[in-house]
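We did not get these values from a lab; they are worked out from the coordinates using the rules stated. None of the values given here were measured: they were computed from a predicted structure. Counting neighbours? That spans all protein chains shown, and the Cβs are built from the backbone with ideal geometry, glycine included.
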Amino acid sequence: MKKSMIYPLYLVCLIAFALPTSSLAGHNSNSTTTTRLLYWVGGTGDWTDPLHWSLSSGGTGGQLPPTSEDDVVFDIQSGFVPGDMVVVDANLQACKSMDWHLVTGMPAFSCMYPINITAAFICRRT
């Protein structure tokens, strides 16, 4: 009987970080849906709040929350300070990829509900 292995998150992140980031933008030519590249802005808040989703880093919020076709980025212009948190506050949330590797402020990511990431999860280097 095989034993189950539980790997620490930092090992999973190191593996995910090695994935190419060139796929994080643009249109998928095999799909009829346009992939949005969404940036988190405005610091702490809820995943479903459109005020936290922008089409540019540090830009103005107002975009609908991500779908399974969208790539999301948390970066230096996300507005985080220590103690801030992103809360997945509704069921059936998803994104294609999630990139945290340029984030500052050490925010927490809290899932009140599961979130489906269909392609890549990229962590910050430590």
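Label separation (ALA94 vs ALA108): 2.8 nm, computed from points 7 Å beyond Cα along the C-beta direction. Annotation: extensible slack from THR34 through GLU69 equals 11.9 nm (criterion: 0.36 nm per residue apart, minus Cα-Cα distance). The stretch between VAL81 and SER56, if pulled fully straight at 0.36 nm per residue, gains 7.0 nm over its current Cα-Cα span.
With +1 on each Lys and Arg Cβ and -1 on each Asp and Glu Cβ, and nothing else charged, work out how big the dipole of the stretch 36-122 is about its Cα centre, in Debye to the nearest 20.
60 debye
Exposure proxy for ASP99, ASP75: other Cβ atoms within 10 Å of each Cβ, ordered fewest to most, give ASP75, ASP99.
Applying the Karplus relation 6.51 cos²θ - 1.76 cosθ + 1.60 with θ = phi - 60° to the stretch 37-54 yields 3J(HN,Hα) values of 9, 9, 10, 7, 9, x, x, 4, x, 9, 3, 7, 7, x, 5, 9, 10, 10 Hz, where x marks Gly and Pro. Ordered by the number of other Cβ atoms lying within 10 Å of each residue's own Cβ, fewest first, HIS101, HIS52 fall into the sequence HIS101, HIS52.
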